[in-house]
Each structure stands twice: as structure tokens, then as C-alpha cells.
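Down below is the structure, laid out as C-alpha cells.
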Amino acid sequence: MRQVVIALIAGSLFGAGLAFSGMVDPTRVQGFLDLLGNWDPTLAFVMGGAMIPMAIAWLVQKRMTKPAADTHFNLPGTSMLDSKLAIGAVLFGIGWGIAGLCPGPAVADLALNPLPALIFVAAMVAGMAAERFAIK
């Protein structure tokens, strides 16, 4: 139960941050990606601002013996760039540029702009399902 409460708090905080920063508005994201047009630097400030609490979180994590809601840390390792990662990053970027949404803002947008967000989320879930069945 503790894990569910922590997940709800973290998700609510993340969603509130997305809404407060305007990142649930696809036109703001597309404005950031429009380098040769009417460029909107807001997303750069959001990403830069996110590095401060993340840096603090890494410092706190280094001093902890275990996480608050698990028995041990499950941190990803580092690996070299491979074709799967590069192709995935390119597909993510193309989809982000076209739709102006990525997974976090899309889910938050379900409450603010349901129909376009639902179309995106349905396509996202279909893509996740297709990846599960793809030959690895």
C-alpha cells in the first residue's frame, strides 16, 4: 500500500508540474522544436529547472541504504549506444514533433483535452503492445 501512495504522490506532483509549466500544451512543445520559426524557449527552462531537484535527489539517494518503498535500488546501468536505442530515440522525436506530446503530458492531457490526448494515448499503448510482440 505504501508503494501505491508514493506512486500517487509522485505522479500527481509530476502531472502538476507538467500542467503548471505548460508542457501539456502541444503547441508549446512544437514551438520549442520550431527552431527556424517562432521559437518558444519554455521547454528549455523546464528541462533546466528539472535538473536541480534531480541533482538533489541523486545526492540524497547516494546516502540512503535502501529506497523508501522497496528493499533495494533498481538503477539502470550504463551501456553503449546501439541501433535499438538510436532508432527508438528517432521515432520518439518524430512522434513528439508531430503530435507535440510525449507519454507524461499525454496522460496529463487526458484530463485537460481528452479527445486528442486519447487518440495519442491509444496509439502509444498500441505501440507498446506491438513492441512486446516484436522479434527481439
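The values are calculated or read from the model by the stated rules, or taken from the named source; none is laboratory data. What you see is a predicted model; the values in this text were computed from it and never measured. Here Cβ is always computed from backbone atoms with ideal geometry, including for glycine, and neighbour counts include all displayed protein chains.
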Which residues, taken from region 18-66, are over 23 Å from L112 (Cα atoms), assigned to a helix (DSSP H, G or I) and basic (K, R)? K62, R63
Residues of region 74-97 satisfying the condition of being at pLDDT below 85 and closer than 20 Å to V24 by Cα: G95, W96, G97
Index of the failed condition, A69 passing every other in (1) more than 20 Å from the chain's Cα centre (by Cα); (2) surrounded by 12 or more Cβ atoms within 10 Å (Cβ to Cβ); (3) assigned to a helix (DSSP H, G or I): (3)
If I ask for residues that are surrounded by 11 or more Cβ atoms within 10 Å (Cβ to Cβ) and hydrophobic (A, V, I, L, M, F, W, C), which ones from region 18-36 would you list? L18, A19, M23, V24, V29, F32, L33
Qualifying positions in region 37-56 - modelled with pLDDT of 90 or more, within 29 Å of G97 (Cβ to Cβ), surrounded by fewer than 11 Cβ atoms within 10 Å (Cβ to Cβ) and more than 16 Å from the chain's Cα centre (by Cα): P41, I52, A55
First in region 95-122 and at positive phi, second anywhere and part of a loop (DSSP other than H, G, I, E, B), Cβ under 8 Å, 6 or more apart: G100/D25
